[in-house]
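Notes follow once the structure below has been shown.
No value in this document is a laboratory result; all are computed from the given coordinates. Here the structure is a predicted model, which is why all the values come from computation and not from measurement. FYI the Cβ positions are ideal-geometry reconstructions off the backbone, even for glycines, and counts take in every protein chain you see.
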Amino acid sequence: MSFPKGFLWGGATAANQYEGGYLSGGKGLAVADTLTGGDGIHGIHRKFYIELPDGTKTTVNNRTEEVPAGAKAYVDPDVYYPSHVATDFYHHWKEDIALFAEMGFNVYRLSINWTRIFPNGDDEEPNEEGLQFYEDVFRECHKYGIEPLVTLYHFDCPLHLANEYDGWVSRHTVDAFEKYCRTVFTRYKGLVKYWLTINEININANFMMNGVHEHLTNKKNVEQARWHLFIGSAKAVTIGHEIDPDNFIGLMIAHGASYPYTCDPDDVMAEVISAHSRKWFYGDVQCRGYYPEYKLKELEREGIEIVKEAGDDELLKKGVVDFYSFSYYSSSAVAAHPENIEGAEGNQERGLKNPYLKQSEWGWTVDPVGLRINLNQIYDRYHLPMMVVENGLGALDTIAEDGMIHDDYRIQYIHDHIVEMKKAVEIDGVNLIGYTPWGHIDLVSAGTGEMRKRYGFIYVDMDDDGNGDLHRERKKSFYYIQRVYKSNGEDLDI
Ligand code: BGP
């Protein structure tokens with residue numbers, strides 16, 4: 001057998017893209033609740049409605065525009081927000097978990113929405129209804145032998161913390177996060193043992209989504225927010241271990257593969273520098289417990305001094321993670337002189353188009369071998385257990401006359417990636433312990449806010465304008481996954 005016994009097979013979702021019920025059960029607002037839909041194919045970006053300190057109301061584009069200091073995001077009652085209902089796990093959790101079990105899951109990655117537990121992020125007391133909701137969900141998972149793998153923070157900074165404290169720029173957010181972590185580790189002791197601290201920590205500080213205003217120009221704020229995210233993560237790890245030594249707590253990084261565009265040493269060096277800043281820095285800090293030399297030099301060159309509290313450096317060391325998890329969708333290429341080379345889209349990471357590879361409908365480069373390369377490089381560097389906690393193909397699905405979604409393109413994508421994971425385990429000997437493909441049930445896209453960009457093996461009837469009765473259907477890929485999972489990755493034939 002190539003995948004070890006007990007290998008974790010499942011799927012992954014995030015509260016802000018799947019749960020809906022955006023004000024139900026005492027939940028407060030998160031920044032993600034103020035993000036509109038967009039249109040990835042036509043390049044229309046998601047927006048925030050904001051109010052400036054002088055009372056002027058305007059919008060900002062979440063990808064390209066700077067959020068002015070002092071601006072406050074809000075929900076405009078006349079605007080449609082796809083995440084407010086999303087695909088409504090909040091009211092379908094029993095039915096959905098039964099479907100996950102039918103597919104053969106023994107793990108399910110989901111996130112806790114901080115604002116269900118602390119509606120403002122920093123309230124005195126937690127919201128019991130929110131705590132109970134996740135407890136019911138975790139108990140339901142265990143009924144089927146499914147281990148919850150819980151992300152503590154997946155793109156959902158409480159709006160109050162973002163508006164009043166500039167999110168992770170402020171130490172106040174770290175303190176509030178610490179209390180939230182302590183609360184959920186305590187409540188779910190014995191129910192959850194697999195945890196991830198901060199989803200895609202390497203892209204977090206770059207986004208308004210985390211309440212980091214002025215993110216495009218104010219590098220000092222971004223670096224401070226990064227420090228706070230690391231401290232938040234290290235606190236989560238230490239508290240989690242203290243409350244239950246059986247907790248197994250990992251980091252989570254958007255780790256696409258990247259290549260030098262050519263074998264010109266200048267291109268190779270450009271890739272080394274880019275990979276340091278886009279990926280390795282975050283793993284180095286969370287696996288080793290200190291800032292690497294290349295980062296210290298960069299901060300020194302830029303004259304940026306991070307504000308630390310006494311004991312922070314020790315905490316970073318103590319809070320190193322138990323395992324490395326990452327999202328993997330695509331790869332990109334890097335050149336020293338990219339000026340006349342065509343660019344490529346990707347999961348946050350944009351680089352140059354690789355002439356050897358094809359792209360998805362959303363322009364993301366499909367590269368299964370890149371996953372094996374990543375598994376090797378990460379394992380060589382840290383020698384920690386690894387999980388691939390996101391992977392998948394965002395595609396337009398159509399319902400055929402027989403009522404079925406024949407998503408052979410998705411089956412092919414998943415097949416090709418599992419084959420490479422298998423080689424990494426069987427031939428290269430890496431310690432891979434789990435695979436949870438992204439959005440195994442249709443949900444709202446984080447990047448574009450679309451519903452039509454679907455990743456699911458389970459279809460949900462909901463479109464970009466909020467039409468749909470939310471009923472669930474098994475796609476063709478559902479049955480493929482079922483066969484793969486139930487054979488522990490042995491039966492991969494398409
Ligand atoms: C990652 C996020 C997920 C998810 C995924 C797919 O960045 O962790 O939340 O959404 O990418 O991206 P998208 O939804 O933009 O297609």
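Counting Lys and Arg as +1 and Asp and Glu as -1, what is the net charge of the other residues whose Cβ lies under 15 Å from the Cβ of residue 448? Walk me through the numbers before you get to the answer.
Working: positive: 46, 47, 63, 350, 452, 453, 454; negative: 39, 345, 361, 442, 450, 463, 464, 465.
Local charge sum for residue 448: -1.
Between the residues 56, 218, 36, the greatest Cα displacement towards the positive end of the dipole of the chain, with unit charges on the Cβ of Lys, Arg, Asp and Glu, is found for 218. Measuring nothing but how far apart in sequence close Cα pairs (under 8 Å, 6+ apart) lie, relative to its length, the chain scores a relative contact order of 17 percent.
Assuming charge only on the beta carbon of Lys and Arg (+1) and of Asp and Glu (-1), the dipole of segment 8-486 about its Cα centre is about 1060 debye to the nearest 20.
The calculated FRET efficiency for the pair residue 242 and residue 264, based on their C-beta separation and a Förster distance of 30 Å, comes to about 0.05.
Could you order peptides 64-77, 425-438 by the average number of other Cβ atoms within 10 Å of their residues, highest first?
Details: 64-77: 15.4, 425-438: 19.4.
Averaged packing, sorted descending, gives the order 425-438, 64-77.
Only beta bridges with both residues in segment 8-486 are counted; by DSSP, about 35 percent of them are antiparallel.
Output needed for segment 314-378: three equivalent-ellipsoid semi-axes, defined as square roots of 5 times the C-alpha gyration tensor eigenvalues, in descending order, whole Å.
Equivalent ellipsoid of segment 314-378: 29, 15, 11 Å, largest first.
In this simple spin-label model, placing a label point 7 Å from the Cα along the Cα-to-Cβ direction at both residue 358 and residue 412 gives a separation of 0.4 nm. 3J(HN,Hα) couplings calculated from phi for segment 439-445 with the Karplus curve 6.51 cos²θ - 1.76 cosθ + 1.60 (θ = phi - 60°) are, in sequence order, x, 4, 10, 3, 8, 6, 5 Hz; Gly and Pro show x. Taking segment 373-413 on its own, what percent of its Cα-Cα pair distances exceed 14 Å? Looking at segment 373-413, the distances longer than 14 Å represent 64 percent of pairs. Taking a straight line from the alpha carbon of residue 220, these lysines sit under 18 Å away, with near neighbours fewer than eight places off in the same chain left out: 295, 297, 308. The fewest-to-most ranking of 342, 305, 401 by surrounding Cβ atoms within 10 Å reads 401, 342, 305.
Of 265, 330, 447, which is farthest along the charge dipole of segment 8-486 in the positive direction, counting Lys and Arg as +1 and Asp and Glu as -1 at C-beta? My answer, from the dipole projection, is 265. Rounded to the nearest 0.05, what FRET efficiency do residue 476 and residue 419 give with R0 = 25 Å and r taken as the Cβ-Cβ distance? Could you check? The calculated FRET efficiency here is 0.85. Of 78, 491, the sequence from fewest to most neighbouring Cβ atoms within 10 angstrom is 78, 491.
With K and R counted +1 and D and E -1, the other residues having a Cβ less than 14 Å from that of residue 383 yield a net charge of -2.
All other residues whose Cβ lies under 12 angstrom from that of residue 311 are scored, Lys and Arg at +1 and Asp and Glu at -1, for a net of 0.
You can think of it this way: the chain between residue 42 and residue 381 has 118.1 nm of extra reach, that is 0.36 nm per residue less the Cα-Cα gap.
Structural size metrics of segment 135-198, computed from C-alpha coordinates, are Rg and Dmax of 14.0, 42 Å.
Stretched out straight at 0.36 nm per residue, the stretch from residue 5 to residue 494 would grow longer than its current Cα-Cα span by 173.8 nm. Treating each Cα of segment 252-397 as one equal point scatterer and applying the Debye formula with no solvent, the log10 of I(q)/I(0) at q = 0.13, 0.18 Å⁻¹ comes out as -0.66, -1.12. Each DSSP beta bridge with both residues in segment 28-165 is either parallel or antiparallel, and the antiparallel ones are about 70%.
Ordered by the number of other Cβ atoms lying within 10 Å of each residue's own Cβ, fewest first, 138, 177, 323 fall into the sequence 323, 138, 177.
The tail of the calculated P(r) for segment 1-110 beyond 22 Å holds 49 percent of all Cα-Cα pairs.
Across segment 261-380, C-alpha contacts under 8 Å between residues 6 or more apart give a mean separation that, scaled by the residue count, equals a relative contact order of 24 percent.
What separates the Cα centres of segment 214-257 and segment 162-198 is a distance of 10 Å. Placing unit charges on each Cβ (+1 for Lys and Arg, -1 for Asp and Glu) gives segment 328-428 a dipole about its Cα centre, and among 392, 354, 364 the Cα reaching farthest toward its positive end belongs to 354. Normalised by 2.2 N^0.38 Å, with N the number of residues, the alpha-carbon radius of gyration of the chain equals 0.91.
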